[in-house]
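Contents: one structure, followed by commentary.
The values are calculated or read from the model by the stated rules, or taken from the named source; none is laboratory data. In this text, all values refer to a predicted model and were calculated from it rather than measured experimentally. Here the Cβ positions follow ideal geometry from the backbone for every residue, glycine too, while neighbour counts run over all protein chains shown. Protein only, heavy atoms only, side chains kept; ligands, DNA and RNA dropped before computing areas. Shrake-Rupley method; radii C 1.70, N 1.55, O 1.52, S 1.80 Å.
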Amino acid sequence: MREVRKPHVAVIGGGVTGAITALTLAEDGYPVVVLEKAAVGNGASSRSAAAIRQQFSTPVTVRGMRFATEYYRKFAACYDCESMHFQRGYLVLYRDADALDKARTRQKIQHDCGLTEAVILTPEQTVRQFPYVQAAELAGATWCPTDGFLTPDVIYQTAFTRARVLGAQMRQNTPVTGVVRSGNCITALMTPHGNVAADIVINATGIWTPRNVVEVLQCSQIPITPMKVYLYFRDMRGVEMSDWPFIVTQSGAYCRTERPHQSERLLMGWITNRSSQKTLLFEDDFQD
């Protein structure tokens, strides 16, 4: 019986998405090459707060994030690496009663999708469980103990290492500059170091897609609007933060410990609309 050749896959982007995609395909026996225009993890993967939450407002997103949470929970044991998923919980603080009512509506959807551990907390319950939170102007909070944050560098380094063992190729400093087509199909990607043949092309560039990929691949525009994120780090020696969850406020500010083993450093962030610089409400202005 003649063996059927599996199609060659080219993955564009060397961040977490590209790494997990390459690993999964390599495990399934696909020939894979990853093309990264700079260095592995050079984009958003190494510059984000790495939150992983399930508290969304559409069933498909809630179910998808529940799957992702379980996948990352098992990742370290499966690939024999250091822990990279920290389920410290996700605490969202609201000072606006209307926004909290919308959170209640979202939570009904979350419970219907199996995320029953997500709960609404009164101001009194919030302060009792998290005594470092001030009750003044607090309308309430949402709390999900299985949410948390990741250490992306462990994920993409481990995934690419394992994918290479299985035969995947990783080409850094290799931007895609154009495509070779046969009819409506892409047959190869053009790079400064030569063409890369591909039966299937996977875009794993995330927020960089509108800027870097759409024109090069000559494909349809994808409605992605980047949000500018500011990250700050503060030395908090003398403050016990080892059990702090990922804390988010309605104004768009958030914080967590930098890493579980560096609990004396606080990572703080703030997100705005890139075009208008308007501060975003965490849940209501984000599109799931």
Open item on the list: Defining a contact as two alpha carbons under 8 Å apart and six or more residues distant in sequence, what relative contact order in percent does the stretch 1-120 show?
Closed with: 21
TODO: Would you grab the residues whose amide H sits under 5 Å from the one on VAL34? Only those 5+ places off in sequence or on another chain, please, with H modelled 1.01 Å from N.
DONE: VAL11, GLN169, MET170, ARG171
Open item on the list: About the Cα centre, and with charges only on the beta carbon of Lys, Arg (+1) and Asp, Glu (-1), how big is the dipole of the stretch 28-103? Nearest 20 debye, please.
Closed with: 120
Task: Karplus 3J(HN,Hα) series, Hz, for the stretch 115-120 with 6.51 cos²θ - 1.76 cosθ + 1.60 (x for Gly, Pro) - done: 8, 6, 6, 6, 9, 9
Task: Fully extended contour minus Cα-Cα distance, from GLU82 to ASN184, at 0.36 nm per residue - done: 32.3 nm
Open item on the list: Taking the solvent-accessible surface of protein heavy atoms with a 1.4 Å probe, what is the per residue accessible area of the stretch 202-248 in Å²?
Closed with: 65
Task: Part-to-part distance (alpha-carbon centres) for the stretch 117-145 and the stretch 67-85, which is given in Å - done: 29
- [ ] Give a quick list of trypsin sites (Lys or Arg not before Pro) in the stretch 137-246 that DSSP marks as loop, anything other than H, G, I, E or B, with at most 12 other Cβ atoms within 10 Å.
- [x] ARG237
TODO: Please say if the stretch 22-104 is rounded, prolate or oblate, where rounded means a/c under 1.5 for a ≥ b ≥ c the square roots of the C-alpha gyration tensor eigenvalues, and otherwise the choice is prolate for a/b larger than b/c and oblate otherwise?
DONE: prolate
- [ ] At a Cα cut-off below 20 Å, give the aspartates and glutamates reachable from LYS37, other chains included and same-chain residues fewer than 8 away excluded.
- [x] ASP153, GLU215
- [ ] Could you list the GluC sites (Glu not before Pro) in the stretch 18-95 that lie in coil according to DSSP, counting only those with at most 10 other Cβ atoms within 10 Å of their Cβ?
- [x] GLU82
- [ ] Please give the FRET efficiency for ILE207 paired with THR122, using the beta carbon to beta carbon distance and R0 = 30 Å, rounded to the nearest 0.05.
- [x] 0.25
Open item on the list: In whole Hz and in residue order, list the ³J(HN,Hα) couplings for the stretch 227-244 that follow from phi through the Karplus curve 6.51 cos²θ - 1.76 cosθ + 1.60, θ = phi - 60°; x for Gly and Pro.
Closed with: 10, 6, 10, 10, 10, 10, 10, 10, 6, 10, 4, x, 9, 7, 10, 5, 10, 5
Open item on the list: Defining a contact as two alpha carbons under 8 Å apart and six or more residues distant in sequence, what relative contact order in percent does the chain show?
Closed with: 23
TODO: Sticking with the crude label model, points 7 Å out along Cα→Cβ, report the distance from ARG171 to ASP199 in nm, one decimal please.
DONE: 1.9
